[in-house]
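Okay, structure first, notes after.
What follows is calculated from the coordinates using simple rules that are stated; it is not laboratory data. Every value quoted in this text rests on a predicted model; they were computed, and no experiment measured them. Heads up, the Cβs are rebuilt from the backbone with ideal geometry, glycines too, and the neighbour counts pull from every protein chain shown.
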Amino acid sequence: AIMDMETSIVADVALLEKIPMLCFRGISDAIDDELGFDLGQISTCDGRVDIRRVMRLALQEFAVIKAFYLSWIRSRTAARRLCQIMAQFLSLPSVQLQEILNGIHLERNSQDRQI
């Protein structure tokens, strides 16, 4: 199961405006992965991670360092896999790429989107 909040807004606009859209996402946290920390404790009101808050939390709750490390490993793995997929996709011959793009169909119903 995947919940994607960011891309869904862009997909809604693209669908509404009939603009073709293709998106690749790297998933770093599985549904059963616990972060082990509250993002609100380490980020600013605009959602950016604040290193001072990270350090403060790590000093206050030493066990959170393991959670930071595991999150970093998962994010690094997801980024590496995403880069590999993008490189493979972009190296496809243009004829094959066009066939793939022509085969993508996006439908929207009241519950969710299907590709």
_For Ser43, what residues show an amide H to amide H distance below 5 Å, using hydrogens built from the backbone and excluding near sequence neighbours?_
Asp50
*Only loop residues by DSSP count here, and only those with at most 13 other Cβ atoms within 10 Å; note down the GluC sites (Glu not before Pro) in segment 1-74 that meet that.*
Glu17, Glu34, Glu61
*Quick one: Karplus J couplings for segment 36-48, per residue in order, coefficients 6.51, -1.76, 1.60, θ = phi - 60°, nearest Hz, x for Gly and Pro?*
x, 7, 8, 4, x, 6, 10, 10, 7, 5, 8, x, 8
_Give me a comma-separated list of calculated 3J(HN,Hα) values for segment 71-77, in order, Karplus coefficients 6.51, -1.76, 1.60 applied at θ = phi - 60°, integers in Hz, x for any Gly or Pro._
5, 4, 4, 4, 5, 5, 5
*Given Ile51, Leu90, Ala67, which one lies farthest toward the positive end of the charge dipole of the chain, if we put +1 on the Cβ of every Lys and Arg and -1 on the Cβ of every Asp and Glu?*
Ile51
*asked:* In whole Hz and in residue order, list the ³J(HN,Hα) couplings for segment 13-22 that follow from phi through the Karplus curve 6.51 cos²θ - 1.76 cosθ + 1.60, θ = phi - 60°; x for Gly and Pro.
replied: 5, 4, 5, 4, 8, 6, 9, x, 8, 10
_With +1 assigned to the C-beta of every Lys and Arg and -1 to the C-beta of every Asp and Glu, and no other charges, what is the dipole magnitude of the chain about the Cα centre in debye, to the nearest 20?_
480
*Considering only the other residues whose Cβ falls under 13 Å of the Cβ of Met86, what net charge follows from Lys and Arg at +1 and Asp and Glu at -1?*
+3
*Given just the C-alpha atoms of the chain, how large is their convex hull per residue in cubic angstrom?*
142
